[in-house]
Amino acid sequence: MAQLQAFDLEPRKLPAQQRSQATFDAVVESCARLLPELGYAGITTNHIAETAGVGVASLYEYFPGKDAVIAQVAERLVQRVMTRLGVAMTAILKAEPQARPMRIWMQAIYDTLQKEKKLVAIFVYQIPYTNQLPVIKGLRPLLMQFSQTARQDAGARILVSPSQASLLLINNLVSSTLL
């Protein structure tokens, strides 16, 4: 029976000063750029540090290894996606009804995932612990809350009031179809 590998997914420490925040950010952003290019198996802490323009010791000051950096990449990916969806939802709620809000919404979801598709593919197909990441575990409830808030904000613009089960089904269908 194969033994499961433990992954250290938490940073060693979080930056306290602006300069250290810049180093931390450079490491995470470099990893996000390299993952689609090199893949999970091909990326190393040396690659990440070199691309970030920092010494590998600086990387290890904040991260125990590449998996902790990748966990930060996942957090930022989810933040970017949720921010884009929030901006799109705000625009849709301000649009005229004849603007076909459902079509605009589906296009916004598609466009958002198109911008992130290479990185999303790495998380879906290559990273063995994607479903163990706290940000991924929290994604379904986050999307449900987002959907409920959007539904409430839409008010009378949406004539049907979907149940919790319907919102969950819609979220699952849209995300699995797009992925």
Scanning for something aliphatic (A, V, I, L, M), under 21 Å from Pro128 (Cβ atoms), modelled with pLDDT under 95 and open to solvent by 20 Å² or more (accessible area, probe 1.4 Å), does region 9-27 turn up at least one residue?
yes
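If I ask for residues that are part of a helix (DSSP H, G or I) and open to solvent by 30 Å² or more (accessible area, probe 1.4 Å), which ones from region 55-65 would you list? Break it down stepwise before answering.
To start, the set of residues in region 55-65 that are part of a helix (DSSP H, G or I) comprises 56-62.
If the condition is that a residue be part of a helix (DSSP H, G or I) and open to solvent by 30 Å² or more (accessible area, probe 1.4 Å), then Val56, Ala57, Ser58, Tyr60, Glu61 are the ones that fit.
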Please identify the pairs in which a residue from region 55-84 that is farther than 19 Å from Ile109 by Cβ and without any contact (Cβ under 8 Å) to a residue 24 or more places away in the chain has its Cβ atom under 9 Å from the Cβ atom of a residue that is in a helix (DSSP H, G or I) and open to solvent by 40 Å² or more (accessible area, probe 1.4 Å), counting only partners at least 6 apart or on another chain.
Val56/Asn46; Val56/Glu50
Looking at region 30-54, which of its residues are assigned to a helix (DSSP H, G or I), touching a Ser or Thr at 6+ places or on another chain (Cβ under 9 Å) and without any contact (Cβ under 8 Å) to a residue 40 or more places away in the chain?
Ser30, Arg33, Leu34, Leu38, His47, Ile48, Ala49, Glu50, Thr51, Ala52
Looking for whichever is part of a helix (DSSP H, G or I) and open to solvent by 20 Å² or more (accessible area, probe 1.4 Å) here; the options are Thr90, Thr112. Which one fits?
Thr90
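I'd like the full set of residues that are surrounded by fewer than 18 Cβ atoms within 10 Å (Cβ to Cβ) and either of a type outside the set (D, E, K, R) or farther than 17 Å from Glu75 by Cα (or both), limited to region 29-44. Please lay out each step first, then the result.
Applying the first criterion (surrounded by fewer than 18 Cβ atoms within 10 Å (Cβ to Cβ)) to region 29-44 yields 29, 33, 36-42, 44.
Result: Pro36, Glu37, Leu38, Gly39, Tyr40, Ala41, Gly42, Thr44.
The values are calculated or read from the model by the stated rules, or taken from the named source; none is laboratory data. What you are looking at is a predicted structure, and each value in this text was computed from that prediction instead of being measured. Glycine also receives a Cβ, built like all others from the backbone with ideal geometry; neighbour counts cover every protein chain displayed. With ligands, DNA and RNA removed, areas are computed over all heavy atoms of the protein, side chains included. Shrake-Rupley method; radii C 1.70, N 1.55, O 1.52, S 1.80 Å.
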